[in-house]
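Heads up: the structure comes next, in structure tokens.
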Amino acid sequence: MDQKTPIQFEELPVPAACTAECRRQKHSRKRRAFRAFGLSALLLWLGARYLRFASPMVFRDPGSPWPFPSDVTVDHCAEWSDPVETEGAEHSLYSADASLELPASADALFLISRSLHHRGGVFSTGNVNYLQSDEVTDAVKVDITAFFWREEHLAASKACLLRRGGDQTGVGIFTNWDEKRRREEHERLRLEVTVAFPRTEDNSALAINNFSSDLEIFGQTLADLSNVNFKTLSLKAALSAIRAESLFAGNATIRTSIGPIRIQSLIGETAVIGTSLGAIEGTFNSSKSLTLSTSNGAIIVEVNLFNNDEDDAAKLKLLTSNGRIESRINLESENSGSAFNITARTSHGPIDLEVVAAPLASNVTLGATTSLGSLSAKLPTTFEGMFDASTSLSSVEVKFDENAEDPSGKGRKRSLDHGKVGKASSHGHVSWSEEGKTRGSVTARSSLGPVSLEF
């Protein structure tokens, strides 16, 4: 062995005196370190809360090396195909495939992932792509491709067919990797999953009773599924985005802990869409209730709300803590006198709402609140009712089109009764008739921004 020459401290260069630029760079490095620490703490908390890192208590068999949930029975696990080298990939990446099938007519279908041992950092991540194939069959096909660096990574994963009580069947993706050292990016297992719903023989809408996903770090992308009718649809993920082209579901619940949710079109009776950190964007159609909520992110949506009921209002909730709310809202009904309830609330951000249309003689209740931001709400000429707007440290403006044509075609004249308490508060009512003065209501509140109402 060659003898190494020890370093002589006197040979090392003497550090120069720290200049103002040097001190600025040190301070910048400290800020980055604190931000990184804060982000790490947040991810650990979210992982513990949402990913539910497995403990032996939740396993079907405490002695099993695999994190099978206690409420499922493993029918069988698919065999991975022989590994093949992926051309042109870095680090000699390999891939292997597995496939499972689910009966489309089952009472409930589900897709889950569970991981055991994350002491060396994240071991497995992935993406799930949902689509409707051109194949006419009775089965929903689940194809899984695993990308890995070493074959022991593949051996640390399983894809299994699962059963639950009743006619419930699903696919579970499980990983078990116990290597304590920190893993590099290329040493992780990456899983690409395709869930293909079949077509019907006459190309009518495919009926799925109940489909749910409960995934860890898996992004979920849904192609055009407008020809698949989900009675109940529930999608859940952590630390990943959820994106969809077109969905049709009686009841839909779509949640992720960190990541945006973007849906080009969702049609359903009821829908609850939520993320803890990310924006919500898209077009949503509901006939009963729609709730869009995020803790940190903007809500930028178009909403079509349909209701024929006078007593039971169709409800829309737009809720965020840190972000702006922008929404164009269309209210529809086949009857007069239908009821709609709209709530928009943010703590830190502006609110911009436009109710594009509302049925004649409808009961529209709108409440909007922001603490740090401007607030603007525009109502159609069919709106009748009271309004109350206020702000603490800015001004309130009420715009009124006195020349608007009577939407009923009866030639009525529109009236505005308007009272002000200083420049920061305004209340009154707008109507086409005496009975319309108390039909609906608009309440708008901002603490530190201007408020604008337009009728």
Members of the range 408-425 found to be touching a residue at least 24 places away in the same chain (Cβ under 8 Å) and under 23 Å from Ser362 (Cα atoms), listed by number: Ser408, Arg414, Leu416
Residue in the range 307-315 that is in contact (Cβ under 8 Å) with a residue 60 or more places away in the chain, touching a strand residue (DSSP E or B) at 6+ places or on another chain (Cβ under 6 Å), among the small types (Gly, Ala, Ser) and in a strand (DSSP E or B) present: no
Residues of the range 316-338 that turn out to be modelled with pLDDT of 95 or more and under 20 Å from the mean Cα position of the chain (by Cα), as a count: 12
Single match in Ser257, Ser240, Ser226 (criterion: surrounded by 17 or more Cβ atoms within 10 Å (Cβ to Cβ), touching a Ser or Thr at 6+ places or on another chain (Cβ under 7 Å) and in a strand (DSSP E or B)): Ser257
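Going residue by residue through the range 389-401, is there one that turns out to be under 29 Å from Ile273 (Cα atoms), out of contact with any Pro (no Cβ under 9 Å at 6 or more places or on another chain) and surrounded by 16 or more Cβ atoms within 10 Å (Cβ to Cβ)? Can you show your working first?
Narrowing the range 389-401 to residues under 29 Å from Ile273 (Cα atoms): 389.
Narrowing further to those that are out of contact with any Pro (no Cβ under 9 Å at 6 or more places or on another chain): 389.
When the remaining residues are screened for being surrounded by 16 or more Cβ atoms within 10 Å (Cβ to Cβ), the result is 389.
So far as the range 389-401 goes, yes, one or more of its residues are under 29 Å from Ile273 (Cα atoms), out of contact with any Pro (no Cβ under 9 Å at 6 or more places or on another chain) and surrounded by 16 or more Cβ atoms within 10 Å (Cβ to Cβ).
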Condition met for Ser265 (modelled with pLDDT under 95 and assigned to a strand (DSSP E or B)): no
Options Glu384, Glu435; residue that is over 37 Å from the mean Cα position of the chain (by Cα) and of a type in the set (D, E, K, R): Glu435
Selection count, the range 346-381, where residues are more than 18 Å from Ala279 (Cα to Cα), without any contact (Cβ under 8 Å) to a residue 60 or more places away in the chain and crowded, with 24+ Cβ neighbours inside 10 Å: 1
Leading residue by the ranking (surrounded by the fewest Cβ atoms within 10 Å (Cβ to Cβ)) among those in the range 294-315 that are of a type in the set (A, V, I, L, M) and within 21 Å of the chain's Cα centre (by Cα): Ile300
Any hit, the range 329-342, residues being more than 26 Å from Asp309 (Cβ to Cβ) and surrounded by 17 or more Cβ atoms within 10 Å (Cβ to Cβ): no
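The values are calculated or read from the model by the stated rules, or taken from the named source; none is laboratory data. Bear in mind that the values here come from a model prediction, so they are computed numbers and not experimental data. No Cβ is skipped: glycine too gets one built from the backbone with ideal geometry, and neighbour counts run over all protein chains shown.
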